[in-house]
Amino acid sequence: MQVAAGILIDASGRVLITERLGDSPFAGLWEFPGGKLQGDETPAEAMVRELREELAVEVGDSEHFMHLMHEYADRSVELDFFLVHSWQREPIACDGQAMEWRFPADISVAELLPADGPVLEALLGRDRRV
Ligand SMILES: Nc1nc2c([nH]c(=O)n2[C@@H]2O[C@H](COP(=O)(O)OP(=O)(O)OP(=O)(O)O)[C@@H](O)[C@H]2O)c(=O)[nH]1
Ligand SMILES: [Mg+2]
């Protein structure tokens with residue numbers, strides 16, 4: 001399964017995380033908005049569509065940030081994460097999911113979906129380089 005997610009990052013370095021809804025074992029954990037690729041979409045196209053659907057934002061300037069694979073109990077997931085530096089409109093939680101702007105240093109890896117550890121690490125590394 002191929003998934004693309006967008007990491008909205010504001011001028012102060014905070015990133016937007018959303019709570020995962022539903023009845024999966026991971027409900028209540030946090031993730032970066034995104035979802036599965038559809039049809040012949042590229043990961044970048046899927047990320048733009050998912051952020052439109054989930055947050056009602058129009059992605060502007062973005063860059064590929066990280067590619068990773070994760071084996072969940074029932075599926076193997078290939079994930080592409082993008083840093084989104086600019087967007088139009090204020091993000092809205094379209095599905096009623098909780099939404100928070102957080103500094104990466106204030107996010108605990110245990111709050112995030114299990115695949116997202118390396119992404120948090122990379123965000124923290126990025127902060128240290130500044
Ligand atoms: N959006 C998103 N998905 C992630 C992240 N990390 C991660 O492991 N995933 C996995 O990637 C998949 C996301 O696709 P999705 O959001 O469309 O999944 P879903 O099962 O809710 O879709 P569905 O309800 O339409 O079937 C899930 O299996 C999720 O566990 C992340 O940071 N963001
Ligand atoms: Mg989703």
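Summing +1 for each Lys or Arg and -1 for each Asp or Glu, what net charge is found among the other residues whose Cβ lies under 11 Å from the Cβ of W30? Display every interim value, and only then the final one.
Working: positive: R20, R102; negative: E19, E31, E100, E111, D116.
Counting the neighbours of W30, the net charge comes to -3.
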* Asked: Kirkwood-based Rg over Rh for segment 2-129 (C-alpha set), two decimals?
  -> 0.92
* To do: Let me have the 222 nm mean residue ellipticity of the chain computed from DSSP H runs of 4+ only, each contributing -39500 (n - 2.57), with the sum over all residues rounded to the nearest 500.
  => -6500 deg cm²/dmol
* Just how large is the dipole of segment 37-119 about the Cα centre, in debye to the nearest 20, putting +1 at every Lys and Arg Cβ and -1 at every Asp and Glu Cβ? -> 140 debye
* **Accessible area in the full protein assembly, largest first, 1.4 Å probe, for M66, M1, M47** => M1, M66, M47
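Length gain on complete extension for the stretch A56 to L68, per 0.36 nm per residue less the alpha carbon to alpha carbon distance?
Length gained between A56 and L68: 1.7 nm.
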* Hypothetical label at C94: residues of segment 1-26 whose amide nitrogen lies under 12 Å (7 Å Cα-Cβ projection) -> none
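Where does each of 95-102, 21-28 land if you order them by average Cβ count within 10 Å, highest first? Spell out each step's value before the answer.
Working: 95-102: 13.6, 21-28: 11.0.
Result, highest mean first: 95-102, 21-28.
Of all accessible surface on the chain at a 1.4 Å probe, what whole percent is carbon and sulfur?
Carbon and sulfur together cover 51 percent of it.
The values are calculated or read from the model by the stated rules, or taken from the named source; none is laboratory data. On a predicted model such as this, the values are computed, not experimentally measured, just so you know. Quick reminder, even Gly has a Cβ in these numbers, built from the backbone with ideal geometry, and neighbours come from all protein chains shown. Remember, those area values only see protein heavy atoms, side chains included, never the ligands or the DNA or RNA. Shrake-Rupley method; radii C 1.70, N 1.55, O 1.52, S 1.80 Å.
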